[in-house]
Amino acid sequence: MNIEQLRADTAAVERLIHFNNAGAALMPAPVIQAVTGHLELETRLGGYEAAAERTVELENVYASIGRLINAQPDEIAVIENATRAWDMAFYSLPLGPGDVVLTSTTEYAGNYIPYLQLQQRRGIEIRIIPNDEQGQVSLTALQDMLGDKRVALVSLPAIATNGGPVQPIEQIGALARAAGVLFLLDACQAVGQMPIDVQKIGCHLLAATSRKYLRGPRGMGFLYVEKGLCQNLEPAFLDLHAASLLTPQSFEIRADARRFENWECNVAAKLGLGAAADYTLAQGMEPMWQRIQQLAGYLRGRLGEVPGITPQDLGAVKSGIVTFTRQGSSAAQVQQWLAGQAKRINVSTSTVRSTLLDMQQRGLQEVSRASVHAYNTESEIDTLIEALLRMPQG
Ligand SMILES: Cc1ncc(COP(=O)(O)O)c(C=O)c1O
């Protein structure tokens, strides 16, 4: 990878060290250009008129996302964030009393709450797939659990918000397919970080966001819906974009995945998402993933040298989201100390609120999260380690 070019495209690296890519990564220049360029066009022409000038580019957004995850453009819906994309998929599933949803200990609270809501409203059952000895979903346990004919859905994040394992998503997908069970993949932290190929994974539905490893603007995301499945899923919400009013008594839902969208959207951010997908594709997903893993491995190794720091990630394959705790300090204190360095260092805090099951199981209330991207460097990691070594004992 051309790291110098990646950094030249990312102006803020001159001023700060950004290890909050799992929160929101720094946007590269072409993404910023796509967003601000469109805002300028809106300023000059008017919002609707500007969108009309960009119809080809707006269509291309679907093709770019499709290329990124090996899907067809009509299998993509552009939705304002990963949560809403996921919700649109989940609430369209015909889940009823006794239907079982299998998920992982690493599930995001924003997804787990809807499971609980449908447990209360419709009587579905939630079952947690146990982990194997390395801390990721146990494939043998999953296979056993899929033997129960009441299982209607496997739904989990490829990479959790608080780091930990990269789940064996291709094997999970193969097991779900073999059992004839739907697989909804939360790829929010995975898209842009690791190669994601929906054909290889075999997921039926996939939700992702723009602002994290994909490096797109905030307030954007997308949903993938497998073509054969799409027309069998009725979105929980419809509008005049998702459906057409034919007569005062009848409407028709559109056939493609855009039935999960709604009409009004942030057009500049949508173009930014397309630019982010193009930028990522141009770098190459495989080299990007190798670089992220190499930097994360270096960071985990160096954290091990800092007295009082305990690395907290489990799993046979670990991602670019590196988590740790510091004896005697809260994660907020670590975050504040690092933000106060001469060259500001951004890390974040992950709490039990976002991944309750996993954190409770491991007896953790919170972790510090330093999430690396390909544009970070080993020298930035060294600066982080020096700052941690200098941090006063709490
Ligand atoms: C694993 C996972 N899923 C879903 C989400 C929600 O994404 P969004 O904020 O774009 O709705 C997050 C955000 O941190 C996440 O880490």
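The values are calculated or read from the model by the stated rules, or taken from the named source; none is laboratory data. It should be emphasised that the depicted structure is a prediction, and the values quoted were computed from it without experimental measurement. Because the Cβ atoms are built from the backbone with ideal geometry, glycine has one as well, and the counts that use them run over all protein chains shown.
Some observations on this one:
- Meets criteria (closer than 19 Å to residue 13 by Cα, buried (at least 18 other Cβ atoms within 10 Å of the Cβ) and outside the structural domain of residue 104 (by TED's automatic domain parsing)) for residue 334: no
- Of all positions in the stretch 16-23, none carries a residue that is surrounded by fewer than 18 Cβ atoms within 10 Å (Cβ to Cβ) and over 27 Å from residue 163 (Cβ atoms).
- Within the stretch 39-113, helices (runs of 4 or more DSSP H) holding 3 or more residues that are under 30 Å from residue 363 (Cβ atoms): 82-90
- Of 382, 358, all but one fail to be within 18 Å of the chain's Cα centre (by Cα), modelled with pLDDT of 95 or more and not assigned by TED's automatic domain parsing to the domain that holds residue 131; the exception is 358.
- Every test in (1) away from the ligand (no atom under 16 Å from the Cβ); (2) at negative phi is passed by residue 87 save one, and that test is (1).
- The condition (being in contact (Cβ under 8 Å) with a residue 60 or more places away in the chain, part of a helix (DSSP H, G or I), among the aliphatic types (A, V, I, L, M) and not assigned by TED's automatic domain parsing to the domain that holds residue 319) is satisfied by just one residue among 34, 22: 34.
- Filtered by the rule that a residue be polar (S, T, N, Q) and without any contact (Cβ under 8 Å) to a residue 60 or more places away in the chain, the stretch 305-320 gives a lone residue, 310.
- First in the stretch 276-304 and free of Cβ contacts under 8 Å to residues at least 60 places away in the same chain, second anywhere and part of a loop (DSSP other than H, G, I, E, B), Cβ under 8 Å, 6 or more apart: 293/319; 293/320; 300/313
- Test: residue 70 is surrounded by fewer than 23 Cβ atoms within 10 Å (Cβ to Cβ) and within 12 Å of the ligand (Cβ to nearest atom): no
- Subset of the stretch 190-199 (residues that are part of a strand (DSSP E or B) and over 9 Å from the mean Cα position of the chain (by Cα)): 194
- Among residues of the stretch 194-218 that are more than 21 Å from residue 26 (Cβ to Cβ) and modelled with pLDDT of 95 or more, those with a beta-carbon under 9 Å from a residue that is of a type in the set (S, T, N, Q) and buried (at least 23 other Cβ atoms within 10 Å of the Cβ) at least six positions away or on a different chain give the pairs 205/155.
- Candidates 314, 273, 338 - the one that is at pLDDT below 95 and not in a strand (DSSP E or B): 314
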